[in-house]
Each structure stands twice: as structure tokens, then as C-alpha cells.
Amino acid sequence: MARWPAPGRCKQRLSRGLGPLRAARIQQVLTAHTLAVASQLQGVEVVVAMDGLGPRAARRCFGARGGPRWVAQGSGSLGVRMQRQINRAKREGAQAVVLIGSDLPQLERADLAAGFAFLGAAGDGCDLVLGPAADGGYWLIGLHQAQPGLLAGIPWGSDRVMGCTLERAAGLGLEVGLLATRRDLDWPRDLLPWR
């Protein structure tokens with residue numbers, strides 16, 4: 001899940017302190033990093049669900065041979081857009097779906113492999129895996145099956161995202177696996193460890 005790195009159209013919270021050009025450049029670097037890490041996994045199709053990029057530009061950017069497949073995120077809340085990607089992947093025959101954001105400078109191949117390992121083979125592992133973010137959200141969500149209602153009504157962008165999702169998962173009877181907590185890059189202060 002990524003936003004096209006156009007000044008003024010991505011990393012809004014980051015651009016307030018750094019300006020839109022620098023924020024867009026950071027988005028571009030983080031997206032490239034995320035794609036490089038995800039591409040290291042064997043037997044996994046990498047799909048970029050991009051927001052803010054039209055079909056022609058997407059084909060130019062992601063249509064190269066051997067590159068990741070591009071799909072539109074579509075409209076709606078973050079929960080609606082994530083559910084759309086989970087539903088699409090399941091319709092296309094994916095056994096497990098792992099969604100990650102594109103603002104995690106610490107992301108490593110082992111993080112993604114651990115997410116898939118938690119899920120195990122269909123019916124063998126957890127129903128849901130989450131990678132908690134230090135700000136109260138999560139940087140990864142993985143499922144075997146689409147879970148209607150899991151992502152609806154979550155207060156996206158708040159520090160209650162993880163807690164609300166865990167409550168919803170408990171109500172649905174889902175077994176949850178948790179990965180290591182990571183710090184994503186949303187605010188200028190989040191850059192301090194990387195300067």
C-alpha cells in the first residue's frame with residue numbers, strides 16, 4: 001500500500017515540517033526500499049496498491065518486465081482500501097495476503113517472512129498477523145481469509161488503531177499473531193534516528 005510520491009499529495013504530516021518536496025522524496029525512497037525488500041521473498045507475488053497515480057503513469061512506472069504488478073487502491077477509508085486489496089488477492093487465488101505500508105525504514109525481508117510464517121499453511125497458523133507500530137497502528141496485516149467487518153469503523157490515523165483491531169479480532173474469534181513493534185515514518189520527529 002503506497003501513495004505516489006508527488007509533492008503535496010503524500011506524507012502530509014511529514015510535509016508540514018519538511019515541506020512537500022522533501023516529504024515526496026522521502027516517500028519515493030521509502031517506497032523503493034519497501035519494493036526492494038518485498039521482492040526478496042521467494043514464491044510471493046508483489047503487488048503495489050498505489051494511491052494517487054493514474055493507469056497510464058502506473059504502466060510507465062511499474063509496467064517494466066519483471067517489475068511488480070500495479071493496482072489502484074480505489075476510494076474510501078484506509079480500511080475500505082485494505083479490504084479491497086485483500087478481497088482482490090483472494091479472488092485471484094492467493095492462499096494468504098500480507099499488506100504492508102511503504103513508510104518503514106527498518107523493514108527487512110525477515111519481517112515479511114515472519115508474517116507469512118505466523119500464518120502458516122491454510123488453517124495451520126494464526127488467522128490474523130499484525131505488525132504493531134510504535135504510534136498505536138500497525139505496519140503489517142496478514143490474513144488467510146477475508147474477514148468482513150475486521151477493518152470497518154477503525155479510527156484510522158489515531159493511536160487506537162491496533163487496540164480497536166485486536167478487539168474486533170477477538171469478537172470475530174480470530175487467533176492473532178504479533179510481530180515485533182516497528183516505528184514508521186509519519187512526522188518530522190520520526191526522522192531523528194535516521195539523520
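The values are calculated or read from the model by the stated rules, or taken from the named source; none is laboratory data. Everything quoted here is computed from the prediction, not taken from an experiment. Cβ atoms come from the backbone with ideal geometry, glycine included; neighbour counts cover every protein chain shown.
Among Asp103, Asp127, which is the only one that is in contact with a Leu (Cβ under 6 Å, 6 or more places away or on another chain) and farther than 14 Å from Leu166 by Cα?
Asp103
Of all the residues that make up the range 29-54, how many are surrounded by fewer than 16 Cβ atoms within 10 Å (Cβ to Cβ), more than 25 Å from Ala114 (Cβ to Cβ) and modelled with pLDDT of 75 or more?
Number of matching residues: 1.
Taking Ala23, is it at pLDDT 80 or above, assigned to a helix (DSSP H, G or I) and in contact with a Ser or Thr (Cβ under 7 Å, 6 or more places away or on another chain)?
Considered against the rule, which asks whether it is at pLDDT 80 or above, assigned to a helix (DSSP H, G or I) and in contact with a Ser or Thr (Cβ under 7 Å, 6 or more places away or on another chain), Ala23 comes out as yes.
If you check Leu107 against the conditions, is it of a type in the set (A, V, I, L, M), touching a helix residue (DSSP H, G or I) at 6+ places or on another chain (Cβ under 6 Å), crowded, with 17+ Cβ neighbours inside 10 Å and at pLDDT below 95?
yes
Residue pairs, Cβ under 8 Å, 6 or more apart or interchain, first in the range 25-44 and charged (D, E, K, R), second crowded, with 18+ Cβ neighbours inside 10 Å. List them.
Arg25/Pro5
Do we find a residue being of a type in the set (A, V, I, L, M), modelled with pLDDT under 95 and buried (at least 17 other Cβ atoms within 10 Å of the Cβ) anywhere in the range 178-192?
Checking the range 178-192: at least one residue is of a type in the set (A, V, I, L, M), modelled with pLDDT under 95 and buried (at least 17 other Cβ atoms within 10 Å of the Cβ).
Return a yes/no flag: does the range 85-93 have any residue that is out of contact with any Ser or Thr (no Cβ under 9 Å at 6 or more places or on another chain), touching a residue at least 24 places away in the same chain (Cβ under 8 Å), of a type in the set (Val, Ile, Thr) and closer than 30 Å to Ile26 by Cα.
Looking for residues that are out of contact with any Ser or Thr (no Cβ under 9 Å at 6 or more places or on another chain), touching a residue at least 24 places away in the same chain (Cβ under 8 Å), of a type in the set (Val, Ile, Thr) and closer than 30 Å to Ile26 by Cα, one finds at least one in the range 85-93, hence yes.
Would you say Asp111 is within 18 Å of Ile154 (Cβ to Cβ) and among the acidic types (Asp, Glu)?
Spelling it out, it is not the case that Asp111 is within 18 Å of Ile154 (Cβ to Cβ) and among the acidic types (Asp, Glu).
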